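Student: Okay, handing you the structure first.
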Amino acid sequence: MKKTMCLMLLFVLFTLVLLYSFAIGEINPSFPESAAKLFQSARWEGYQPVVVSGHGDENSLTGQYAVLMKKGDHNVLCMVEKEQGQDEFFITVENDKAVYQGDLLPSLFIDSAGDALFYTYQRDAGDIRSERYHSSKVDGQWLPVDVILFHKPQKGLFLETLILFYDNRLQYEVLWTDENDNVIEQSGKIGRGLVDTSLYELSRFDVNQFLTDFHQWKLGARYWPIDYG
């Protein structure tokens with residue numbers, strides 16, 4: 001079982017890394033009128049859509065957009081979706097805690113097959129050079145967010161940390177690679193304690209609290225090491 005979970009972790013990690021260069025999003029974009037009109041109410045007065053990624057229009061059977069709304073220093077991540085059988089778009093997620101506030105804006109990317117959101121921050125915060133956040137939608141529900149931290153190179157090696165939830169437990173994978181993406185060293189741990197993962201679903205996710213929680217878990221929780229044999 002541990003070997004299976006290890007393979008799953010590596011699959012997720014390499015999938016996210018593969019998509020890394022494509023998760024760009026578009027600044028000051030346009031999107032379908034039926035979706036844009038959702039932000040014309042008094043609730044959104046003064047806000048502008050500054051980053052948008054997605055697909056679908058009025059004539060599509062389905063549609064899905066990730067939208068970053070901005071007013072001054074206040075940023076809100078929204079998911080705008082149209083399911084099969086619906087005639088119009090609806091805002092299904094609205095969460096300002098899922099994103100950083102101020103002028104640090106993420107790129108957004110909705111996978112072309114839908115139901116997979118990636119948003120990435122390029123930043124200079126200690127040894128972190130970028131942060132990639134991801135959530136998938138399964139059975140109509142956006143799942144807990146997982147994270148990849150891309151660290152600054154050290155002596156020609158690159159460190160990536162993958163943090164996710166599996167079976168209501170925290171897991172993290174640490175991967176050292178060279179400039180050609182060859183894996184030099186890897187390690188991982190699975191938390192022994194159960195976690196209320198509903199707190200980390202996209203609609204409730206708090207980007208600032210998450211990394212604080214992770215460091216507390218990492219320092220204080222008990223873990224099983226992942227068996228790579």
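Student: For segment 102-112, does any single residue satisfy the condition of being farther than 22 Å from Y47 by Cβ and among the small types (G, A, S)?
Tutor: Within segment 102-112 (the criterion being farther than 22 Å from Y47 by Cβ and among the small types (G, A, S)), the answer is yes, since at least one residue qualifies.
Student: So T177 clears everything in (1) closer than 21 Å to V99 by Cα; (2) at pLDDT 90 or above except one condition, right? Which one?
Tutor: (1)
Student: Output the number of residues of segment 160-180 satisfying the condition of being in contact (Cβ under 8 Å) with a residue 40 or more places away in the chain and surrounded by fewer than 18 Cβ atoms within 10 Å (Cβ to Cβ).
Tutor: The qualifying residues number 1.
Student: Another question, then. I'd like the residue in segment 174-201 that is assigned to a strand (DSSP E or B) and charged (D, E, K, R) and, out of all such residues, is nearest to D115 (Cα to Cα).
Tutor: Looking at residues that are assigned to a strand (DSSP E or B) and charged (D, E, K, R), I get E201.
Student: If you don't mind, there's one more thing I want to ask. Just need a number here: residues in segment 183-215 that are over 12 Å from Q171 (Cα atoms), β-branched (V, I, T) and free of Cβ contacts under 8 Å to residues at least 40 places away in the same chain.
Tutor: 3
Student: If you scan segment 145-173, which residues turn out to be not in a strand (DSSP E or B) and not acidic (D, E)?
Tutor: Those that are not in a strand (DSSP E or B) and not acidic (D, E): V145, K152, P153, K155, G156, N168.
Student: Quickly run through segment 82-98 and pick out the residues that are touching a helix residue (DSSP H, G or I) at 6+ places or on another chain (Cβ under 9 Å) and either crowded, with 22+ Cβ neighbours inside 10 Å or polar (S, T, N, Q) (or both).
Tutor: K82, F89, A98
Student: Would you check which residues across segment 84-112 are in contact with a Lys or Arg (Cβ under 8 Å, 6 or more places away or on another chain) and among the aromatic types (F, W, Y) and list them?
Tutor: F89, F90
Student: Would it be correct to say that S34 is among the hydroxyl-bearing types (S, T, Y) and modelled with pLDDT of 90 or more?
Tutor: no
The values are calculated or read from the model by the stated rules, or taken from the named source; none is laboratory data. For clarity, every value in this text was computed on a predicted model and none was experimentally measured. All Cβ positions, even for glycine, are placed from backbone atoms using ideal geometry, and neighbour counts span all protein chains on display.
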